[in-house]
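The values are calculated or read from the model by the stated rules, or taken from the named source; none is laboratory data. Quick caveat: nothing in here was measured; it's all calculated off a predicted structure. With ideal geometry, Cβ positions are generated from the backbone for all residues, glycine too; neighbour counts draw on all protein chains shown. Accessible surface areas use protein heavy atoms only, side chains included; no ligands, DNA or RNA. Shrake-Rupley method; radii C 1.70, N 1.55, O 1.52, S 1.80 Å.
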Amino acid sequence: MAHSRLSLAVLLLLAASPAAQQAQLRLDAADHAESARVRALVGDLGGPELPPVLANSPRDRLEFADRIPVSPVQAAQYAAGAPPAYLQGIVPAGPGGTGTDKQELFWYQVPGNYDPDGPHVPLVIAYHGYGNSANSVAVQSTIDEECNLRGWLYVAPTGIDDKLFGAPISQMNTAAAVQWMIDHFHVDAERIYMVGFSLGGGISANFVARHRDPDGIMIAALGIVAGSYDWTASYTLGAPSLKVWLENSYNFNAPPTLAAFAYQRSSALHFTPGTYPALPGALDSTLSMASNLGTTPTYVTWDLADTLAEVLAQQPEFVGLMSSLGGVVESHPITGTPVTHSWAVLDEPALFDFFEQHAVVRTPATFHALADGDVAVSWAGLQQSAPQAFSRVDGDATTAPATLCATGLDNLAQLTLHADRAGLSGPGPVRVLAASVCATPTLLRFDGLGAPPAWFADPTSGALLPGDSSEPATNALLFPLPALASWSADLITHPLWTTKLTTSPSPALPGGALAVNLDAPAGATQAFLLVALDEALAVVKGTPLTASLAPPLLLVSLPLDAAGNVQVAGALPNDPALSGLDLCFQSVAFSGGRAIASVSNLWRTTIQ
């Protein structure tokens, strides 16, 4: 074995010893010392000490059951070559480190056959139980040995402290440890896996549900061992010392009656308070972060005689929710574990065989997003309307013809849809279907179209749908979706809509300055600026425009420099009658002959 083990025989021997002797002997002494060392380095968070775990300690309470040490059931052999290197790492606090006010201590292992000049290899993130140090995973399971056998990297984060329930600040430290591994080793970013026990099972499920940015850390598959999922339920059912820890500022800073969202955002499941006991109560999937895991393959195992009532009651609910999401979920209830609530439940080779089948899917065509902040998920970017609350959207890019479907929009100030990430970056039109249950408007933003976005058209008639605005710096087109509304449109692109047009300030003031900036393609020598009061689809010299050509229309000739650019500044008339006007600006650029070289985006400016 790579590390010293606490033998199950010791546990059984102490259980049979006289009560006076039991009171003198701690079964978790080594791990208690490790936790104390972490606190000395990271800082004491001020919570109460956990009661010592004795041979006769009750195993039906979280503060005891997670800390019963066991020996691994399986014995793994070293891979060919040198033994693995098992080491402790530290990420410093602050910017450039954890990003929090606490450093992160973690254990990691480099397999004996690791080649620093070789290919990238998978990484397994292993998360401890309540009151167990990060080192406890290697002491009580063979996850580290299994990683070495397969030539995989291993990391066991602390998450600041071993009694934290995965609040965002704790997850920042966990992510910092994972990023440290990515920065220092050849980690295959498409094959990062995560497994957690008990409290760590719930934290792992929530971590995966909250880390779905295609440009960031994503988890390819998830393993959960005797998981606990609902921290509101844990508070309700827990002992006073557990309640004190849950109210710690590095957890949720208050009881769930005063900080319901703080508990929900860090839990995997949410059972409606007041519906339990009897356990587990009524599951509310609309407030359960595990509803995000439909695209994450998940392996769940527990003992059918688990001594923790909430764990035993919640497993079927978790598996049932996962199954309803239509993704890959394997359920492995077992019987006969020597210590029913422990890492001994896990069949490590079977879990790793499951992991090995899966690589991360960064931009699934269909997804559900229950977001607790501004996040990116698959081909969408969410910006909340109200903070400290959940936002929602369901995305589907599987419909033909090329369609981006976003429904169930809730608590969203802006929703960005990236056509390229949905695999729809061709030059043809993209159909958009959107439906909101928001009580406030949502700004829909579209980019990644592969050709310049031009306008929105009615899917049936092809008529122009007015009201869009442009973001020329990013080639994005925007449309305001009213509250509680449904909308469908074809987003039209055009290869000649390449000039970028902006005005400033926007909005403008009567009598105030107004600058116009044009950035046309090189080679264009002359541009005409159109200033209209409305939109209407028109074709000039075979090229479509959307600034209305009906009077009143202002047409200004602008010479372009050698790069195709021009900046002009002037002042609006100081006429109060201009207040409230919505001006539409568009330009048409020519190069040499009379053919149109480029058309700009339509730009809107309101006169206040």
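When you count, for each residue, the other Cβ atoms within 10 Å and take the mean per peptide, how do 532-543, 401-412, 193-204 rank with the highest first?
The densest-packed peptide leads the list: 193-204, 401-412, 532-543.
I need the calculated FRET efficiency for the pair Asn253 and Asn565, taking r as the beta carbon distance and R₀ as 45 Å, to the nearest 0.05.
According to the calculation, E is roughly 0.25.
Calculate how steeply helix 29-42 sits against the longest principal axis of the alpha-carbon atoms of the chain, using the helix alpha-carbon long axis, and give the answer as 0 to 90 degrees to the nearest 10.
For helix 29-42, the angle is close to 40 degrees.
Over all directions, average the projected area of the Cα convex hull of the stretch 209-295 and note it in nm².
6.7
Report the paramagnetic label zone for Thr474: residues of the stretch 374-388 whose backbone N is under 20 Å from a point 7 Å from Cα along the Cα-to-Cβ axis.
374-387
Under 13 Å from a point placed 7 Å out from the Cα of Arg594 along the Cα-to-Cβ direction: which residues of the stretch 515-544 have their backbone N that close?
It comes to 541-542, nothing else.
When ligands, DNA and RNA are left out and all protein chains stay put, how many square angstrom of accessible area per residue does the chain have with a 1.4 Å probe?
37
Based on the Kirkwood radius over alpha-carbon pairs, what is the Stokes-Einstein translational diffusion coefficient of the stretch 256-396 at 37 °C with 0.692 mPa s viscosity, in µm²/s?
Taking Rh from Cα pairs, D becomes 195 µm²/s.
Once fully extended, how much extra length lies between Asp101 and Asp374, figured as 0.36 nm per residue of separation less the alpha-carbon to alpha-carbon distance?
Between Asp101 and Asp374, full extension yields an extra 96.1 nm.
Using 0.36 nm per residue of separation minus the Cα-Cα distance, give me the extension gain between Asp353 and Ser488 in nm, one decimal.
Value of the extension gain: 44.2 nm.
Ignoring ligands, DNA and RNA, what percent of the accessible area of the stretch 306-416 is carbon or sulfur (1.4 Å)?
Answer for the stretch 306-416: carbon and sulfur cover 53 percent of the accessible area.
Hey, with R₀ at 30 Å, roughly what FRET efficiency would Ala305 and Thr272 work out to, going by the Cβ-Cβ distance, to 0.05?
Result of the calculation: an efficiency of 0.65.
Place a point 7 Å from Cα of Asp183 in the direction of its Cβ. Which residues in the stretch 127-154 have their backbone N less than 20 Å from it?
Flagged as within label range: 153-154.
Per-residue counts of other Cβ atoms within 10 Å, averaged by peptide: what ranking do you get for 87-96, 353-362, highest first?
Ranked from most to least packed, the peptides come out as 353-362, 87-96.
What ranking do 285-297, 437-449 get when scored by the average of other Cβ atoms within 10 Å per residue, highest first?
Sorting 285-297, 437-449 by mean packing, highest first, produces 285-297, 437-449.
Using the Cα centre as the reference, give the magnitude of the dipole from point charges on the C-beta atoms of the chain (Lys, Arg: +1; Asp, Glu: -1; all else neutral), rounded to the nearest 20 debye.
Charge dipole, the chain, about its Cα centre: 620 debye, nearest 20.
Could you work out the relative contact order of the chain? I mean the mean sequence separation of Cα pairs under 8 Å and 6+ apart, divided by the number of residues, in percent.
About 8 percent, as a whole number.
Placing +1 at every Lys and Arg Cβ and -1 at every Asp and Glu Cβ, with all other atoms neutral, what dipole size does the stretch 501-607 have around its Cα centre, in debye to the nearest 20?
So the dipole magnitude of the stretch 501-607 works out to roughly 240 debye.
Over the stretch 87-225, what percent of the accessible surface lies on carbon and sulfur atoms, probe 1.4 Å?
About 52 percent, which is the carbon plus sulfur part of the accessible surface.
Under a straight-distance cross-link criterion of Cα-Cα below 30 Å, which lysines are reachable from Lys243, leaving out those fewer than 8 residues away in the same chain?
Lys102, Lys163
Averaged over every viewing direction, what's the projected area of the C-alpha convex hull for the chain? Give it in nm², one decimal, please.
Answer in nm², one decimal: 32.4.
May I ask for the Kirkwood hydrodynamic radius of the stretch 68-170, worked out over all distinct Cα pairs and given in angstroms to one decimal?
Averaging 1/r across every pair of different Cα atoms and inverting gives 14.7 Å.
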